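Notes follow the structure.
Every number here is computed from the coordinates shown, using simple stated rules; none is lab data. Given the structure is predicted, the values throughout are model-derived calculations rather than measurements. Cβ: placed from backbone, ideal geometry, glycine included. Neighbour counts: every protein chain shown.
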Amino acid sequence: MDSDIDKYVKSGDFYKAVVEDGTDIIFIVDYHGIIKYHNPSVEETLGYVPGSLIGKKFFDYLHPDSQKILKKRFKTSIDKPYDENVEFTFHCKNGDYKYLEFNAINLNHKEGVNGLILDCRDITQLKRDAEELRKAKQAKEKFMANMSHEIRTPINGISGMATLLASAESKAESEKYLSAIQKSAESLQVIIDDILDLSIIESGKLKFEKIGFFIRDQLESLYNTFIHQAKRKDLTLSYEIDPEADIIVKGDPHRLNQILINLISNALKFTHIGRIDIDISLKMKRKGLYHISFDISDTGIGISRDKLEKIFDSFTQADESVSRRYGGTGLGLTITKQLIDLHKGSIKVRSVENKGTTFSVVLPFEKGTEKDLKVEQEKEILSAEDLGGLNILLVEDNDVNRLYAMKLMSKWKIEVTEASNGNIAIDELKGKNFDLILMDVQMPVMDGFEATSIIRNRFTPPKSTTPIVALTANAIKGDNEKCLAAGMDGYLSKPFQPSELRSVITTYVKNIENQTSNIAANNMKEGFSHNNDTVTDIEYLRKVCHDDKGFMKEMIEVFLKSIPEALEEIKISLAQNAFANVGQLAHKIKPSITFMGLKKAIPLVKNLEIKADEGAGHKELKLIFEELNDLCIRACEELKRATI
């Protein structure tokens, strides 16, 4: 007796359920590709009503680009009992094409019929997803590659100015090079921020500053940044500002810098003979805005007319030969165009192959006054005396760092109480209230995190609510969040400039006039070696101390006393395989080495700290220490002979 399933199969109901009512598209075609049958799913997916394709040639509905390949694969399917995963694109009723994939069952092998059953499924979405993934991967690769392209120019500027600084013959010349280095460093920071925030630029949510600045100041700084590279290529670099454009404007000088850096660096890259000229003029005045024109002209390789329209596309250069010869991703001009568009400005390019190129940028600015200028002069900051009466607790285990901070604050008439670790700081707080606590993070006995926790949880107001600002030499991503999570109010990276320390104090201490809000949390500044033979850089120390000879002498005396002692401790710890202590001692002397401008020793002390913390072996640590020890001994000898 037949079972229910047997009856179901014999009745053919399964044919209706699987073929007629199924979601897969079913075609039956003969060996010539003539469609003999197609199920109703063809209408739902491809738009053709039932039966409308019968008698039509299957290949006529394929995309022209895939017909030849599919016909060859179709012949292969005829010779096999079964074929699978054959991709093709099919023309829909509405004119679109959809990606399909079929598995072919050859009816000849079992039924003796010269035909194929093509069981197809729509893979259009899968194809789109795969393409999106491919584009995302490609974009990521290009994004990472572009980082080096974008930061190369300001780094070259810093390197070039540092080279010139080493051989500067006058104070005025040194100051010019130092100014260019500072501007390049600022531009570098902006560029890195832009790269990390590309999605914000793309969405149009990028915020611009609106501060006063001199157009001429920006151009002079850029000129000093690029002149070294131009001379190296034997090129003439010049700039000219029309008197009507030689004004104070209100806008974002960093973004203007970024735009001009990209254009000038491109001109330098693609010019081998001749000159690069930067011309600034007033294009027009309209509705209270000054439309300033920036023309960057070169005598370089030029761009062919048919390639001009592509140069602002992402990750695109004029042609592959240019990419191979000059490198780069081409994203610089894309970012430039986006920044100009967000400024509601315009950019045009004129170029003749083998004769040169001119980029013309027009940007609208409000006219500013001297009151709009943002001036930060360290000497004025140092001489300011309006912070008198404040009581600050300075918790710092490094002698040089502590002396530096104390001297700065004493010039501002601040009363400072010292503590060399968190435990001493707790004792000081028990007997006295403070307006602010400057707390080093990594210290012996009790570190800054533990001390902060005790202050916040075991004391009562106002002691428990005293503002605490972290001082740390570990200026890496995540440190700020870690300090805030520990209960600290802010974060300042060592070594710091006077303006940065003053900004911290006026930001976190109440009832101080002229409060500021920007703390340069990631401004680790390193000294420059005076020449290839010396280890120390007295000029850098002089700059840090703002030519205060008494201050410099004290700094040197503390360094000469503390560094040999610390090096001896590291040597003993190495002999005892106390590697954790080696790391702590390296961290402790790192600010001293940085403050004294020991550029060659800075990477060694950093490496010693990192390797010790990572658990490197005795042999590796010893090699690093011996090199560091040698440099520090030489530094001490030089400092003993130094004339202040």
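Taking amide hydrogens as placed 1.01 Å from N in the peptide plane, the amide H of Lys599 sits under 5 Å from those of Ser529, each at least 5 positions away in sequence or on another chain. With one equal scatterer per alpha carbon and no solvent term, the Debye-computed log10 I(q)/I(0) for segment 383-508 at 0.09, 0.11, 0.17 1/Å reads -0.21, -0.32, -0.81.
When each of Thr465, Thr452 is scored by the number of other beta-carbon atoms lying within 10 Å, the sequence from fewest to most is Thr465, Thr452.
Spin-label pair Asp246-Asp79: with each label point 7 Å from Cα along the Cα-Cβ axis, the two points sit 8.3 nm from one another. Note on Lys590: lysines with a C-alpha under 18 Å away, same-chain residues under 8 apart excluded, are Lys494, Lys525, Lys561, Lys571, Lys599, Lys600, Lys606, Lys611, Lys622. Between amide H atoms placed 1.01 Å from N, distances below 5 Å from Met446 occur with Gly422, Asn423, all of them 5 or more places distant or on a separate chain. Footprinting exposure proxy ranking of Cys545, Cys92, Cys636, fewest other C-beta atoms within 10 angstrom first, gives Cys92, Cys636, Cys545.
For the pair segment 409-478 and segment 210-228, the centres of their Cα atoms are 41 angstrom apart.
Go through Lys210/Lys287; Lys171/Lys269; Lys56/Lys80; Lys36/Lys57 and tell me which ones have a Cα-Cα distance over 21 Å in this structure.
Too far apart for the 21 Å limit: Lys171/Lys269; Lys56/Lys80.
A straight line joining the Cα centroids of segment 332-366 and segment 552-617 runs 50 Å. Going from the residue with the fewest nearby Cβ atoms within 10 Å to the one with the most, Phe208, Phe359 rank Phe208, Phe359. For segment 538-641, the dipole from Cβ point charges (+1 on Lys and Arg, -1 on Asp and Glu) about the Cα centre works out to 200 debye, to the nearest 20. Our coupling estimate for segment 96-105, obtained by passing each phi through the Karplus curve with A = 6.51, B = -1.76, C = 1.60 and θ = phi - 60°, is 6, 10, 10, 7, 10, 9, 10, 9, 9, 10 Hz, Gly and Pro reported as x. Across segment 538-641, the relative contact order, built from alpha-carbon pairs under 8 Å that are at least six residues apart, equals 28 percent. Rounded to the nearest 5, the antiparallel percentage of DSSP beta bridges internal to segment 201-317 is 70%. The GluC sites (Glu not before Pro) of segment 380-461 that meet both conditions, a loop assignment by DSSP and at most 12 other Cβ atoms within 10 Å of the site Cβ, are Glu385.
Would you mind counting up the charge near Ala612? Only other residues with Cβ under 15 Å from its Cβ, with Lys and Arg at +1 and Asp and Glu at -1. Around Ala612, the charge tally is 0. Using the Cβ-Cβ distance between Lys36 and Arg128 with R0 set to 41 Å, the FRET efficiency works out to roughly 0.85.
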